[in-house]
1. I need the phi-derived Karplus couplings for the range 343-350: 6.51 cos²θ - 1.76 cosθ + 1.60, θ = phi - 60°, integer Hz, Gly and Pro marked x.
2. For the range 377-392, in order, what is each residue's ³J(HN,Hα) by Karplus, 6.51 cos²θ - 1.76 cosθ + 1.60 with θ = phi - 60°, in whole Hz (x at glycine and Pro)?
3. For the pair residue 128 and residue 377, what calculated FRET efficiency results from E = 1/(1 + (r/R0)^6), where r is the Cβ-Cβ distance and R0 = 35 Å, to the nearest 0.05?
4. Subtract the Cα-Cα distance of residue 109 and residue 271 from 0.36 nm times their separation in residues, and report this length gain in nm to one decimal.
5. Hey, rough spin-label estimate for residue 394 and residue 2, points 7 angstrom out along Cα→Cβ, what's it come to in nanometres?
6. Kindly write out, for the range 331-337 in residue order, the coupling ³J(HN,Hα) from the Karplus curve 6.51 cos²θ - 1.76 cosθ + 1.60 (θ = phi - 60°), rounded to whole Hz, with x marking Gly and Pro.
7. How far, in nm, would the chain grow between residue 222 and residue 310 when pulled straight, counting 0.36 nm per residue and subtracting the alpha carbon separation?
8. At 0.36 nm per residue, minus the direct Cα-Cα distance, what do residue 52 and residue 100 gain on full extension? Give it in nm, one decimal, please.
Amino acid sequence: MSPWRPTAALVRALAAGGVGLALAVVLGRPAVVVLVAPLLLVGALGLLHRPRARPRVAFRVEHAVLREGQGTRSVLDGSDLGDVEHVTRSSGPVPQVVLRPAGGGVQQLVGADGELPAIEVGPRRWGVRRLGDEEVALTSPWAGYRCGPTRQVGPRLDVLPVGAPFASHAEAPQPLGLVGAHRSRSPGDGAELDSIRAFRTGDRLRRINWRVSLRTGELHVVAPLAERDTGVLLVVDALADHGVSGGIDGTASSLDVTVRAAAALAEHHLRRGDRVALRVIGSRGEQVGYGAGSNHLRRLQFRLARLVPNEPRLAADQLQLLATPGTVVLVLSPMLADVVATVTAGLLRGGLPVLVVDTLPEGTVPATVEGTGPRVADLAWRMRRLEREAVLDRLASLACPVVAWRGPGTLDDVLRRLARRSRLPRVRPR
């Protein structure tokens, strides 16, 4: 903090009191002394409470990691505040962050416990949010001296995306792992019934089916199917953001739908014991390897929260996603970029089950470009939509399902069809 300086009120009180006192002596008017006596009294009290120590304050937020729609407080930590009576602080506005009070300004008398005023903040959209620069000013008793205002950079908030409500009861098309909640085609130690067969050496006694054994006169056991996990690869399109984002309570842009859908799918599959990986097309080419558990979910959410729409020059190796066999690929994209269609077609040629989740909101209006008339912009957008429909038709001709994101049950029917397709016999050329 800056050193203590006399306030303008103290200077005016002493100056006006001194001039009045001089006039009373020169003119012989005692009534003037009565008029300036309150000013002299206030000035004397201000000088009497002159601060001795220089205070120190620092800004911080109570929670540095939040989810969309949650709130926290921006508080002040101070030391050497014994000479401080009043605190005033002001915070600048930030897009997609709600402040309370709405103007970002608050003032408060410092109590005996030294509590300083706080500002409530509530981010409305995922991402890395830097709160506005703040100014704080401290005032001594009787407004005699002031310290500040001192400007400090606002603290940073990591706002994680809120996973859209999602639930699915469909099984994975190609479960190949060791453990999980999906039914495998091979026998094993699971809960799904495969058949009842005659007892063989090595079978567990708890698998004996006594009803069938008593009826046939020979021991029979229940043969279950193994429970396997699967690999889920989330391919996120971060090349551009179409539409206007109104935060968690308003309209959603294409990148909002993409990020929230990816967070919901990752949380759903990780809770079922599957392995999930992330590949980002665009931005800085973020990648997260396969993993499971709550720590891996938090890692995915942090990576999604740091996405910035960007269309860099993509190299050929960046288009190779290196998906392993048995992986279910979920492509989340508004399908307005040709490179996304190229990547999807490459995954299909690799024989992987691929599902495209359309994340373009209905009624999306493109952002206006300076110098472009509304009729030209509308015509260009309609032409782009026609090209998008052609791309979706070509993907459908390659047996790649495309489904619009709508929350719970979005992927159930498509995943069931992919699972049935994976069990069909395949003709391989020699």
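1. These are the phi-based 3J(HN,Hα) values: 5, 5, 5, x, 5, 5, 5, x Hz.
2. With the stated coefficients, the range 377-392 comes to 5, 5, 5, 5, 5, 5, 5, 5, 5, 5, 5, 5, 4, 5, 5, 5 Hz.
3. So the FRET efficiency works out to roughly 0.70.
4. Extending this stretch completely gives an extra 53.4 nm.
5. Placing both labels 7 Å beyond Cα along the Cβ direction yields 6.3 nm.
6. So the J values, rounded to whole Hz, are 9, 9, 7, x, 6, 10, 10.
7. Going from the current span to full extension adds 26.1 nm.
8. 13.9 nm
Every number here is computed from the coordinates shown, using simple stated rules; none is lab data. A quick note: this is a predicted structure, and the numbers were derived from the prediction, not measured. Note that each Cβ is placed from the backbone with ideal geometry, even for glycine, and that neighbours are counted across all protein chains shown.
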